[in-house]
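A short write-up of the structure that comes next.
The values are calculated or read from the model by the stated rules, or taken from the named source; none is laboratory data. Not measured: the values here are computed from a predicted model. All Cβ positions, even for glycine, are placed from backbone atoms using ideal geometry, and neighbour counts span all protein chains on display.
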Amino acid sequence: MLVLRLSYGTFSALLAGDMPDSLEDEIASSLSPTTVLKVGHHGSRTSSSATFLNVIRPQVAIISVGAGNSYGHPTAETLQRLRNVGATVYRTDQSGTVTISTDGNTYTVVTERTGGSAGTAPSASVATTQKQTTRSTVAAVAPVSSSAVAITAVDLKGETVTITNSGSSPVNLAGWILTDEGAKHSYTFSGTSLPSGGSVTIASGTANGDIKWTSANVWNNDGDTAYLYDSSGNLVSQRRG
């Protein structure tokens, strides 16, 4: 089994082959957000686990699958998990050949046939040619989007993470998610408003902070990364501890 991750500038693509969810979860901690995912095992329910997708957060997911196949691929469960992380899904059984080109800063998705995409589409200009080709050109964003809210400190041994709002307006963190590498642990904010210039400390283990995450130790003292996602599932900030 061959799994490849390709990167060029701010663009990246992960070609998952037939990787099962057990292997996805095993390597998830070594991965980072990816622009494009070539979905594993034709969209089988045994691939594209929630843990795996919450780490790589693809903007685009491409499923290579034959029309009317006897396996029922792609499965409804897999499609829903892809939608949950905000991926735009292209299926070869619906869109035909899907071609992606990039200069490392922007990328273009061209499909043989119009339609056939599902999920939350990124901002894009879309034009349809006389050959029924759909072309979408979007910015290939860096793994971390710009935001006034950022992780400003990670104390692995002290089991605390500090998040700061450097913007001029308060930010409602309801629905935002803080995770460690591999999303082995995650905390979902509820009703927390972070004022302009304010900070909030999230504590775990025996540590004290503004918010108590869990009494269990979360962070790997040998090295770990904190990831912060907004309520739409976009990666807002990451910081290595």
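Of all residues in region 63-109, exactly one satisfies the criterion of being among the aromatic types (Phe, Trp, Tyr) and surrounded by fewer than 16 Cβ atoms within 10 Å (Cβ to Cβ), namely 71. For region 18-32, does any single residue satisfy the condition of being of a type outside the set (D, E, K, R), outside the structural domain of residue 177 (by TED's automatic domain parsing), touching an Asp or Glu at 6+ places or on another chain (Cβ under 6 Å) and closer than 21 Å to residue 233 by Cβ? Checked against the condition, which is being of a type outside the set (D, E, K, R), outside the structural domain of residue 177 (by TED's automatic domain parsing), touching an Asp or Glu at 6+ places or on another chain (Cβ under 6 Å) and closer than 21 Å to residue 233 by Cβ, region 18-32 yields at least one hit. Is at least one residue of region 170-185 within 18 Å of the chain's Cα centre (by Cα), aromatic (Phe, Trp, Tyr) and not assigned by TED's automatic domain parsing to the domain that holds residue 107? Within region 170-185, one or more residues are within 18 Å of the chain's Cα centre (by Cα), aromatic (Phe, Trp, Tyr) and not assigned by TED's automatic domain parsing to the domain that holds residue 107. Of all the listed residues (68, 40), the sole one being without any contact (Cβ under 8 Å) to a residue 60 or more places away in the chain, assigned by TED's automatic domain parsing to the domain that holds residue 18 and closer than 17 Å to residue 5 by Cβ is 40.
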